[in-house]
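The next block holds one structure in the form of structure tokens; read it before the comments.
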Amino acid sequence: MPSWLDQCRDRVLIIDGAMGTELQARGLAPGESPEKWARLHPREVAEVHAAYAEAGADLLITCTFGANPFKLAPAGLADETEAVNWALARIAREAAPKSLILGDLGPTGEMIEPLGDRTPDEIRDAFARQVHGLADVVDGFIIETMSDLGEAVLALEAAKRLAPDKPVLVSLTYQKDAEGPNFHTMMGVDPARAARRLTEAGADAIGANCGSGIDDMIAVVRLMVGETDRPLFAEPNAGLPKLVAGRTVFDESPEVFAAKAPQLVAAGARLIGGCCGTTPRHIAALRAALE
Ligand SMILES: [Zn+2]
């Protein structure tokens, strides 16, 4: 069945940039639950979504990265998981009625058996509650910043069971090996293996986000090409993190970021957005560079 995702075969689709750093610029304190803050400040969240839509993003990601019951528990919101996801997705939809909206699913922060004490069913059920809240509002899902391939597959299964018609994009976060040209997630998964496993599990697009700037992301995309027939996507950070006065900053300019985007496309990426430190200015520069 054709879906909006098929458009990326003809043109590169643009995903939005960072949410966390944009909310911090509007008052979210370090360590505070972004989802709880977002519910109390819907206007600020809407402003970020609208800014990305105006900058030229085709796809906006809901502010639900940590809206799974495990991550919501410390904020006292675990019981309201479905309602939190629905409300935050509605903010994106209302802020940008013409944009495609992707429901964001991030890591639970829990370890799965045998490394940890959570069962696969518990993890899948946690994602299912998020999907349940998001499904009626969003056009698809993005599972991102995963380092455990097993957890990524459980999130994918939850999305596919409850919303089988909606495309699911799945992305892991890689760091470059100290020696050699390959990359691995914190849990030891390399891009080629992830691409094969996620294809088999039914992901509609496969990608990488966070962890590195655009230079390393080009290398990661090259490692996935040829391992899957699904479109590839990439959301690099605005350069590598730097520690300035005790704060982590990402300072690659929109111009530098956008100037390298054609290389990312040449490597094989069909959807491109930004992760940590990217702003609406980065996305506007990206759009201009790709047109
Ligand atoms: Zn990031």
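What follows is calculated from the coordinates using simple rules that are stated; it is not laboratory data. Computed from a predicted model, the values in this text were never measured in an experiment. For neighbour counting, all protein chains shown are included, and Cβ atoms are generated from backbone atoms with ideal geometry for every residue, glycine included.
Some points to look at:
- Amide hydrogen proximity for Thr279: with H placed 1.01 Å from N in the peptide plane, the residues at 5 or more positions away or on another chain lying under 5 Å are Ala18.
- Among Asn209, Asn182, Asn68: highest mean-square fluctuation, GNM of the chain, C-alpha pairs under 10 Å: Asn182
- Per principal axis, descending, Cα span of the chain in whole Å: 47, 45, 41
- Rounded to the nearest Hz, the phi-derived 3J(HN,Hα) couplings of segment 229-234 under the Karplus curve 6.51 cos²θ - 1.76 cosθ + 1.60 (θ = phi - 60°) are 9, 7, x, 9, 9, 8, where x marks glycine and proline.
- Top of Arg90, Arg118, Arg281 by mean-square fluctuation, Gaussian network on the chain, Cα under 10 Å: Arg118
- Cα pair distances in segment 143-262, grouped into 10 Å bins until the bin that holds the longest one, percent each: 14, 42, 31, 12, 1
- Rough spin-label spacing in nm, given labels placed 7 Å along Cα→Cβ, for Ala29 and Gln263: 4.1
- Note on Ala178 and Leu243: their simple-model spin labels are 1.7 nm apart, each label 7 Å out from Cα toward Cβ.
- Note on segment 78-146: the C-alpha convex hull projects to 4.9 nm² when averaged across all orientations.
- For segment 135-186 versus segment 53-122, the gap between their alpha-carbon centres in whole angstrom: 13
- Rounded to whole Å, the principal axis extents of the Cα atoms in segment 1-101 read 44, 32, 20, largest first.
- Measuring nothing but alpha carbons in segment 136-198 and taking Rh as the Kirkwood radius, the Rg to Rh ratio lands at 1.06.
- Relative contact order (%) - segment 4-290, alpha-carbon pairs under 8 angstrom, separation at least six: 19
- Around the Cα centre of the chain, unit charges on the Cβ atoms of Lys, Arg, Asp and Glu (plus for the first two, minus for the last two) sum to a dipole of about 440 debye.
- Take every DSSP beta bridge whose two residues both sit in segment 4-290; close to 15 percent of them are antiparallel.
- MRE, 222 nm, helices only [DSSP H, n ≥ 4, -39500 (n - 2.57), over the chain, to nearest 500]: -12000 deg cm²/dmol
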